[in-house]
Amino acid sequence: MNRTFIYRISEKDSPCTVESFLKARGYSRQIIIQLKKNSDSIKVNGGWAYVKTMLRTGDTLIIFMEELQSSEHILPVPLPLSMIYEDEDILVLDKDADMPVHPSVNNYHNTLANAVAHYYRSAGEEFIFRCINRLDRDTTGLLIVAKNALSASILSAQMKERQIHRTYLALCDGPLPAPQGTIDAPIARKETSAIERCVDFEKGEQAVTHYKVLETCQNITLAELHLETGRTHQIRVHMQYLGAPLLGDYLYHPDFTRISRVALHSSALEFIHPITGIPMCFHVPLPDDMEKAFHLSE
(Lines give C-alpha, C1' and ligand atoms only; values in the text may rest on other atoms or scores of the structure.)
Protein backbone atom coordinates (compact mmCIF):
# COMPACT_ATOMS: atom_id res chain seq x y z
CA MET A 1 0.00 0.00 0.00
CA ASN A 2 1.50 3.31 -1.09
CA ARG A 3 2.10 6.05 1.46
CA THR A 4 3.69 9.51 1.30
CA PHE A 5 5.28 11.19 4.33
CA ILE A 6 6.17 14.89 4.38
CA TYR A 7 8.61 16.32 6.94
CA ARG A 8 9.57 19.93 7.58
CA ILE A 9 13.09 20.05 8.98
CA SER A 10 13.27 22.03 12.22
CA GLU A 11 16.25 23.75 13.78
CA LYS A 12 16.68 21.00 16.39
CA ASP A 13 17.09 18.38 13.62
CA SER A 14 19.51 20.41 11.53
CA PRO A 15 22.00 19.64 10.20
CA CYS A 16 21.64 15.90 9.59
CA THR A 17 21.58 13.42 6.74
CA VAL A 18 18.37 12.04 5.32
CA GLU A 19 19.37 8.63 6.65
CA SER A 20 19.95 9.77 10.23
CA PHE A 21 16.71 11.77 10.19
CA LEU A 22 14.73 8.73 9.05
CA LYS A 23 16.37 6.36 11.52
CA ALA A 24 15.43 8.71 14.35
CA ARG A 25 11.80 8.37 13.25
CA GLY A 26 11.68 4.60 13.25
CA TYR A 27 12.67 3.75 9.69
CA SER A 28 14.40 0.38 9.79
CA ARG A 29 17.55 -0.46 7.84
CA GLN A 30 15.47 -2.62 5.48
CA ILE A 31 13.03 0.23 4.75
CA ILE A 32 15.89 2.61 3.94
CA ILE A 33 17.44 0.01 1.61
CA GLN A 34 14.13 -0.25 -0.26
CA LEU A 35 13.84 3.55 -0.51
CA LYS A 36 17.28 3.72 -2.13
CA LYS A 37 16.11 1.41 -4.94
CA ASN A 38 13.49 3.87 -6.23
CA SER A 39 14.58 7.25 -7.56
CA ASP A 40 11.19 8.77 -6.65
CA SER A 41 11.26 7.65 -3.01
CA ILE A 42 13.37 10.46 -1.50
CA LYS A 43 13.00 14.12 -2.41
CA VAL A 44 14.32 17.25 -0.73
CA ASN A 45 12.74 20.58 -1.67
CA GLY A 46 11.18 18.92 -4.70
CA GLY A 47 14.39 17.39 -6.07
CA TRP A 48 15.70 13.83 -6.01
CA ALA A 49 18.05 13.16 -3.08
CA TYR A 50 20.37 10.50 -1.62
CA VAL A 51 20.19 9.08 1.88
CA LYS A 52 23.45 10.94 2.54
CA THR A 53 22.01 14.28 1.42
CA MET A 54 22.33 16.88 4.18
CA LEU A 55 19.14 18.39 5.57
CA ARG A 56 19.01 21.92 6.93
CA THR A 57 16.49 24.05 8.79
CA GLY A 58 13.44 24.77 6.62
CA ASP A 59 14.02 21.94 4.13
CA THR A 60 11.06 19.80 3.07
CA LEU A 61 11.71 16.06 2.94
CA ILE A 62 9.22 13.88 1.07
CA ILE A 63 9.32 10.10 1.42
CA PHE A 64 7.28 7.99 -0.97
CA MET A 65 6.81 4.36 0.07
CA GLU A 66 5.50 2.16 -2.73
CA GLU A 67 4.37 -1.45 -2.55
CA LEU A 68 3.87 -3.20 -5.85
CA GLN A 69 3.01 -6.67 -4.55
CA SER A 70 0.59 -8.21 -2.08
CA SER A 71 1.44 -10.91 0.46
CA GLU A 72 2.31 -14.16 -1.28
CA HIS A 73 0.23 -17.25 -0.55
CA ILE A 74 -2.61 -15.27 1.05
CA LEU A 75 -5.75 -15.69 -1.05
CA PRO A 76 -8.43 -13.00 -0.86
CA VAL A 77 -11.52 -14.63 0.68
CA PRO A 78 -14.80 -12.79 1.46
CA LEU A 79 -14.98 -13.50 5.20
CA PRO A 80 -16.63 -11.40 7.94
CA LEU A 81 -14.34 -8.60 9.12
CA SER A 82 -15.17 -6.49 12.17
CA MET A 83 -13.34 -3.18 11.76
CA ILE A 84 -12.98 -0.95 14.81
CA TYR A 85 -10.69 1.74 13.35
CA GLU A 86 -8.81 2.52 10.14
CA ASP A 87 -6.58 5.34 8.88
CA GLU A 88 -3.68 5.57 6.41
CA ASP A 89 -1.31 3.67 8.69
CA ILE A 90 -3.15 1.19 10.90
CA LEU A 91 -6.18 -1.06 11.02
CA VAL A 92 -7.70 -2.21 14.32
CA LEU A 93 -9.88 -5.32 14.12
CA ASP A 94 -12.11 -7.31 16.47
CA LYS A 95 -11.31 -10.95 15.63
CA ASP A 96 -14.01 -13.61 15.81
CA ALA A 97 -13.59 -17.00 17.46
CA ASP A 98 -12.56 -19.99 15.32
CA MET A 99 -10.49 -17.76 13.03
CA PRO A 100 -6.70 -18.22 12.80
CA VAL A 101 -4.72 -15.03 12.21
CA HIS A 102 -2.27 -16.43 9.62
CA PRO A 103 -2.63 -19.20 7.01
CA SER A 104 -1.10 -22.56 7.95
CA VAL A 105 -1.51 -26.23 7.11
CA ASN A 106 -5.25 -26.96 6.65
CA ASN A 107 -6.01 -23.26 7.19
CA TYR A 108 -5.43 -21.62 3.82
CA HIS A 109 -8.81 -19.97 3.28
CA ASN A 110 -10.33 -19.24 6.70
CA THR A 111 -7.95 -16.77 8.34
CA LEU A 112 -8.00 -13.13 9.29
CA ALA A 113 -5.27 -12.57 6.70
CA ASN A 114 -7.58 -13.92 3.96
CA ALA A 115 -10.33 -11.54 5.06
CA VAL A 116 -8.03 -8.50 5.11
CA ALA A 117 -6.57 -9.43 1.71
CA HIS A 118 -10.09 -9.53 0.25
CA TYR A 119 -11.00 -6.19 1.82
CA TYR A 120 -8.08 -4.41 0.14
CA ARG A 121 -8.27 -6.36 -3.11
CA SER A 122 -11.90 -5.21 -3.41
CA ALA A 123 -10.66 -1.64 -3.04
CA GLY A 124 -8.08 -2.21 -5.80
CA GLU A 125 -5.11 -1.88 -3.45
CA GLU A 126 -2.05 -4.06 -3.01
CA PHE A 127 -1.53 -5.05 0.60
CA ILE A 128 1.08 -6.92 2.64
CA PHE A 129 -0.38 -8.46 5.80
CA ARG A 130 1.52 -7.19 8.85
CA CYS A 131 -0.27 -8.21 12.06
CA ILE A 132 1.38 -6.72 15.14
CA ASN A 133 -0.13 -8.66 18.06
CA ARG A 134 -1.08 -12.32 17.61
CA LEU A 135 -4.13 -14.07 19.05
CA ASP A 136 -4.77 -17.81 19.15
CA ARG A 137 -7.43 -19.20 16.85
CA ASP A 138 -10.18 -19.31 19.48
CA THR A 139 -9.25 -16.10 21.31
CA THR A 140 -11.48 -13.20 20.34
CA GLY A 141 -10.83 -9.47 20.38
CA LEU A 142 -8.56 -6.67 19.32
CA LEU A 143 -5.67 -6.85 16.88
CA ILE A 144 -3.53 -4.19 15.18
CA VAL A 145 -2.62 -4.53 11.50
CA ALA A 146 0.01 -2.17 10.10
CA LYS A 147 -0.80 -0.81 6.64
CA ASN A 148 2.74 0.08 5.61
CA ALA A 149 6.32 -0.89 6.41
CA LEU A 150 7.00 2.18 8.58
CA SER A 151 4.01 1.75 10.87
CA ALA A 152 4.88 -1.95 11.13
CA SER A 153 8.48 -1.16 12.08
CA ILE A 154 7.48 1.33 14.77
CA LEU A 155 4.68 -0.81 16.23
CA SER A 156 6.92 -3.88 16.29
CA ALA A 157 9.45 -1.87 18.27
CA GLN A 158 6.67 -0.82 20.67
CA MET A 159 5.74 -4.49 21.15
CA LYS A 160 9.35 -5.39 21.86
CA GLU A 161 9.62 -2.58 24.40
CA ARG A 162 6.28 -3.59 25.96
CA GLN A 163 4.70 -0.25 25.09
CA ILE A 164 1.54 -1.81 23.63
CA HIS A 165 -0.72 -2.51 26.59
CA ARG A 166 -3.22 -5.35 26.21
CA THR A 167 -6.13 -6.17 28.50
CA TYR A 168 -7.77 -9.59 28.43
CA LEU A 169 -10.97 -10.91 29.95
CA ALA A 170 -11.18 -14.59 30.88
CA LEU A 171 -13.65 -16.99 32.45
CA CYS A 172 -11.85 -19.18 34.99
CA ASP A 173 -13.19 -22.43 36.41
CA GLY A 174 -12.64 -21.83 40.07
CA PRO A 175 -11.69 -19.00 42.44
CA LEU A 176 -8.45 -17.04 42.21
CA PRO A 177 -6.27 -16.85 45.34
CA ALA A 178 -6.79 -13.11 45.88
CA PRO A 179 -8.89 -10.22 44.51
CA GLN A 180 -5.82 -9.19 42.53
CA GLY A 181 -2.27 -10.38 42.16
CA THR A 182 0.72 -11.21 39.99
CA ILE A 183 1.78 -14.60 38.65
CA ASP A 184 5.55 -14.74 38.10
CA ALA A 185 6.08 -18.31 36.89
CA PRO A 186 8.37 -19.27 33.97
CA ILE A 187 6.88 -21.21 31.07
CA ALA A 188 8.46 -23.95 28.97
CA ARG A 189 7.37 -26.41 26.31
CA LYS A 190 5.91 -29.56 27.86
CA GLU A 191 8.33 -32.39 27.18
CA THR A 192 5.60 -34.83 26.16
CA SER A 193 3.88 -32.48 23.71
CA ALA A 194 4.80 -30.35 20.70
CA ILE A 195 2.00 -27.89 21.50
CA GLU A 196 1.39 -27.73 25.23
CA ARG A 197 3.28 -25.49 27.65
CA CYS A 198 3.72 -25.74 31.38
CA VAL A 199 5.18 -23.84 34.32
CA ASP A 200 8.80 -24.94 34.68
CA PHE A 201 11.01 -23.15 37.19
CA GLU A 202 14.17 -24.84 35.90
CA LYS A 203 13.88 -24.63 32.10
CA GLY A 204 11.15 -22.05 31.55
CA GLU A 205 11.37 -18.48 30.24
CA GLN A 206 10.18 -15.65 32.46
CA ALA A 207 6.43 -15.10 32.26
CA VAL A 208 4.51 -12.49 34.27
CA THR A 209 0.73 -12.05 34.31
CA HIS A 210 -1.22 -9.55 36.42
CA TYR A 211 -4.82 -10.45 37.31
CA LYS A 212 -7.83 -8.80 38.90
CA VAL A 213 -11.12 -10.46 39.83
CA LEU A 214 -14.00 -8.50 38.30
CA GLU A 215 -16.89 -10.71 39.32
CA THR A 216 -17.63 -14.19 40.60
CA CYS A 217 -20.71 -16.31 40.06
CA GLN A 218 -20.79 -19.53 42.08
CA ASN A 219 -17.51 -21.18 41.05
CA ILE A 220 -16.84 -19.14 37.86
CA THR A 221 -14.51 -16.13 37.96
CA LEU A 222 -14.53 -13.30 35.44
CA ALA A 223 -10.96 -11.99 35.54
CA GLU A 224 -9.13 -9.08 33.94
CA LEU A 225 -5.58 -9.92 32.90
CA HIS A 226 -2.57 -7.89 31.80
CA LEU A 227 0.51 -9.44 30.23
CA GLU A 228 3.95 -8.22 31.17
CA THR A 229 5.52 -10.84 28.90
CA GLY A 230 4.17 -12.63 25.84
CA ARG A 231 4.84 -16.36 26.11
CA THR A 232 2.84 -18.88 24.10
CA HIS A 233 -0.38 -19.84 25.96
CA GLN A 234 0.74 -17.64 28.87
CA ILE A 235 -2.67 -16.80 30.31
CA ARG A 236 -3.98 -20.34 29.82
CA VAL A 237 -0.97 -21.92 31.51
CA HIS A 238 -0.87 -19.41 34.37
CA MET A 239 -4.56 -19.82 35.16
CA GLN A 240 -4.16 -23.61 35.17
CA TYR A 241 -1.17 -23.17 37.47
CA LEU A 242 -3.37 -21.23 39.91
CA GLY A 243 -5.96 -24.02 39.86
CA ALA A 244 -8.52 -21.95 37.92
CA PRO A 245 -8.12 -22.98 34.25
CA LEU A 246 -10.02 -21.23 31.50
CA LEU A 247 -13.41 -22.62 30.54
CA GLY A 248 -13.45 -24.47 27.23
CA ASP A 249 -9.67 -24.82 26.98
CA TYR A 250 -9.20 -27.88 24.77
CA LEU A 251 -5.57 -28.31 25.86
CA TYR A 252 -5.55 -27.47 29.54
CA HIS A 253 -9.18 -27.88 30.66
CA PRO A 254 -11.36 -29.65 28.02
CA ASP A 255 -14.73 -29.00 29.64
CA PHE A 256 -17.17 -27.67 27.04
CA THR A 257 -20.36 -27.74 29.10
CA ARG A 258 -20.59 -23.93 29.17
CA ILE A 259 -18.66 -22.77 26.10
CA SER A 260 -17.24 -24.51 23.02
CA ARG A 261 -13.94 -22.59 22.86
CA VAL A 262 -11.28 -21.08 25.09
CA ALA A 263 -13.00 -18.38 27.16
CA LEU A 264 -10.44 -15.65 26.49
CA HIS A 265 -11.04 -12.21 24.97
CA SER A 266 -8.67 -9.36 24.08
CA SER A 267 -10.86 -6.52 25.31
CA ALA A 268 -8.61 -3.45 25.21
CA LEU A 269 -5.52 -2.10 23.45
CA GLU A 270 -3.53 1.01 24.32
CA PHE A 271 -0.59 2.25 22.25
CA ILE A 272 0.97 5.30 20.66
CA HIS A 273 0.02 5.86 17.02
CA PRO A 274 3.16 5.01 15.01
CA ILE A 275 3.00 8.09 12.77
CA THR A 276 1.04 10.81 14.57
CA GLY A 277 2.29 10.02 18.08
CA ILE A 278 -1.27 10.34 19.43
CA PRO A 279 -2.24 7.94 22.26
CA MET A 280 -4.77 5.38 21.01
CA CYS A 281 -7.15 3.37 23.17
CA PHE A 282 -9.73 0.82 21.99
CA HIS A 283 -12.26 -1.31 23.88
CA VAL A 284 -14.67 -4.04 22.78
CA PRO A 285 -17.22 -5.73 25.08
CA LEU A 286 -17.28 -9.33 26.20
CA PRO A 287 -18.53 -11.49 23.29
CA ASP A 288 -21.96 -13.10 23.53
CA ASP A 289 -20.73 -16.67 24.06
CA MET A 290 -18.58 -15.66 27.04
CA GLU A 291 -21.37 -13.50 28.47
CA LYS A 292 -23.79 -16.43 28.20
CA ALA A 293 -21.28 -18.91 29.67
CA PHE A 294 -20.70 -16.71 32.71
CA HIS A 295 -24.40 -16.26 33.47
CA LEU A 296 -25.20 -19.95 32.99
CA SER A 297 -23.79 -20.44 36.46
CA GLU A 298 -26.31 -18.08 38.07
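Mind jotting down a quarter of the surface of the convex hull over the alpha carbons of the stretch 76-189, in square nanometres, one decimal?
Convex hull of Cα atoms, orientation-averaged projection: 9.5 nm².
Express the accessible area of the stretch 230-298 per residue in Å², computed with a 1.4 Å probe while the remaining protein chains stay in the model. Walk me through the intermediate numbers first.
Numbers: 3070 Å² over 69 residues.
With the other protein chains kept in place, the stretch 230-298 gives 44 Å² per residue.
What is the log10 of I(q)/I(0) for the stretch 1-124, computed with the Debye formula using one identical point scatterer on each Cα and no solvent, at q = 0.11, 0.14, 0.20 Å⁻¹?
These q points yield log10 I(q)/I(0) values of -0.54, -0.74, -1.04.
Given a 1.4 Å probe and every protein chain left where it sits, what share in percent of the accessible area of the chain is carbon and sulfur? Working shown, then result.
Working: 7520 of 15000 Å².
On the chain, the fraction of accessible area on carbon and sulfur atoms equals 50 percent.
Excluding residues on the same chain fewer than 8 positions from K23, give the aspartates and glutamates whose Cα lies under 14 Å from its Cα.
Of all the aspartates and glutamates, those that pass the test against K23 - Cα under 14 Å, at least 8 places apart if same chain - are D13.
Counting only heavy atoms of protein chains, what accessible area per residue, in Å², does the stretch 135-179 have with a probe of 1.4 Å?
Numbers: 1570 Å² over 45 residues.
Result: 35 Å² of accessible area for each residue.
Evaluate 2.2 N^0.38 Å with N set to the residue count of the chain, then give the Cα radius of gyration divided by it. Mind showing how you got there, number by number?
Details: Rg = 22.3 Å, N = 298, 2.2 N^0.38 = 19.2 Å.
Dividing the Cα Rg of the chain by 2.2 N^0.38 Å gives 1.16.
May I ask you to evaluate 6.51 cos²θ - 1.76 cosθ + 1.60, the Karplus curve with θ = phi - 60°, for each residue of the stretch 272-283 and list the ³J(HN,Hα) values in order in whole Hz, giving x for glycine and proline?
8, 4, x, 10, 7, x, 7, x, 10, 9, 10, 9
Would you please give the residues with an amide H less than 5 Å from that of I90, counting only those at least 5 places away or on a separate chain, with H modeled from the backbone geometry?
Amide H neighbours of I90: K147.
Rounded to the nearest whole Å², what accessible area per residue is found for the stretch 1-109 with the 1.4 Å probe?
Numbers: 6380 Å² over 109 residues.
Dividing the accessible area of the stretch 1-109 by its residue count gives 59 Å².
The values are calculated or read from the model by the stated rules, or taken from the named source; none is laboratory data. It should be emphasised that the depicted structure is a prediction, and the values quoted were computed from it without experimental measurement. Just so you know, the surface numbers come from the protein's heavy atoms only, side chains and all, with ligands and any DNA or RNA stripped out. Shrake-Rupley method; radii C 1.70, N 1.55, O 1.52, S 1.80 Å.
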